[in-house]
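The values are calculated or read from the model by the stated rules, or taken from the named source; none is laboratory data. Model, not experiment: these values are computed from the prediction. No Cβ is skipped: glycine too gets one built from the backbone with ideal geometry, and neighbour counts run over all protein chains shown.
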C-alpha cells in the first residue's frame, strides 16, 4: 500500500512538469519513470499497449537533425494514442526571428507538450519559462537527459540494478558526459569520465553532479585505463558532435588513445557491457570489433529511447 501511495504521489508531481535536465528530478521520480518505461515496453511486447495520450498532440521542434530522437518521439506519441508534429525551424517563424517567448505562448494554445532539440540550453529554458505546457529537452549542447533515461533503463536490463554499478565514459566531456554524471549521481552509480585536457566536462556541472551523490563516486581523469578498470559499463560518444565538424582533425589528434577497443575493455570486468548513444564512427571512438561484438548493447539501448520517452510523455502529458 505504501509503494502504491508513493507512486500516486510521484505521478501527481510529474504531471505538467518540464524535463530540461535530470538535475531537476529526484531519485524517486527518475525511478518511477524507469519503472513506467519497463512496464510500457512489456505491454508493447505483449501486444497490449495502453493509450493514455488519446487526443493529445506533441510538437517536436528540431534545430538539429536526428534519427533516434525524431523517430522514437514520433512513434512513441503515436503508440500512446496521440499525434506528433515535426516542426523544423526552417518551417516555423522561430527560424525567421520570432521571439521564443511568442512561439512558446502560441504553441501552448495548440499543443499538449513540446519537445525541442537545439543547440543552446538557454533556448530550452526560455521556451519552458513562457510555455504553459510541458517542455522536454530532446538534446542541447549541455545536456541529453532523454538519452540517459534510456541508458539507465538498459543498464537495469543488463545488470539488474543501478545501485553500485560502475560506469566508465571515455571521450568528449560533452552533453552525454554531463547527463550521465547527473543520472549516475542521483541513482547511486559510480562514474569515471576519461577525457583529454581541454575536453573534460564543464567543472560547474561536475560539481553539481557531485552534490547529488550519496556515497557513490564521480571521477574525472585523463586516463582511459583508470576509468575502465573494473567497470560494469563502458560508454563512449563521437569525438566531434553536431556543429563541431570543422574540429574533426584537431579532435582526432586530441583523442588519440581514447578509442574503446578490446585492449581497453580488457581492464573492465569480464561481463562488461558496451554502450554508445549513436551515431557511431567505427574506427574512431570505437572499433567495429567492440560495437558489433557480443558485449555491445547499443541497439537494445537505442530501442529503449522509445520506451523511456513514452514513459516521460505519459507522466508529463497523460
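If only one of 80, 85 is out of contact with any strand residue (DSSP E or B) (no Cβ under 6 Å at 6 or more places or on another chain) and surrounded by 15 or more Cβ atoms within 10 Å (Cβ to Cβ), which one is it?
80
State yes or no: is residue 280 closer than 27 Å to residue 64 by Cα and not in a helix (DSSP H, G or I)?
For residue 280, the condition - closer than 27 Å to residue 64 by Cα and not in a helix (DSSP H, G or I) - is met.
Name the strands (runs of 3 or more DSSP E) wholly within segment 60-170 that hold at least 2 residues that are touching a residue at least 60 places away in the same chain (Cβ under 8 Å) and either farther than 30 Å from residue 214 by Cα or outside the structural domain of residue 29 (by TED's automatic domain parsing) (or both)?
In segment 60-170, 166-170 are the strands (runs of 3 or more DSSP E) which contain 2 or more residues that are touching a residue at least 60 places away in the same chain (Cβ under 8 Å) and either farther than 30 Å from residue 214 by Cα or outside the structural domain of residue 29 (by TED's automatic domain parsing) (or both).
Suppose the filter is touching a strand residue (DSSP E or B) at 6+ places or on another chain (Cβ under 9 Å) and surrounded by fewer than 19 Cβ atoms within 10 Å (Cβ to Cβ); does residue 110 pass it?
Yes; evaluated as a whole, the condition is true for this residue.
Which residue, of 45, 11, 56, is under 30 Å from residue 206 (Cα atoms) and more than 19 Å from the chain's Cα centre (by Cα)?
11
Are any residues in segment 283-301 surrounded by 21 or more Cβ atoms within 10 Å (Cβ to Cβ) and part of a helix (DSSP H, G or I), and if so, which ones?
290, 291, 301
Out of 111, 162, report the one residue that is over 15 Å from the mean Cα position of the chain (by Cα) and under 24 Å from residue 66 (Cα atoms).
Going through 111, 162 in turn, just one is over 15 Å from the mean Cα position of the chain (by Cα) and under 24 Å from residue 66 (Cα atoms): 111.
Give me the pairs, please: first residue somewhere in segment 8-24 and free of Cβ contacts under 8 Å to residues at least 24 places away in the same chain, second residue anywhere and surrounded by fewer than 21 Cβ atoms within 10 Å (Cβ to Cβ) and outside any loop (DSSP other than H, G, I, E, B), beta-carbon distance under 8 Å, and either six or more positions apart or on two chains.
From segment 8-24, the pairs are 10/28; 10/29; 13/29.
Evaluate segment 44-55: report whether one residue or more is in contact (Cβ under 8 Å) with a residue 60 or more places away in the chain and part of a helix (DSSP H, G or I).
Within segment 44-55, one or more residues are in contact (Cβ under 8 Å) with a residue 60 or more places away in the chain and part of a helix (DSSP H, G or I).
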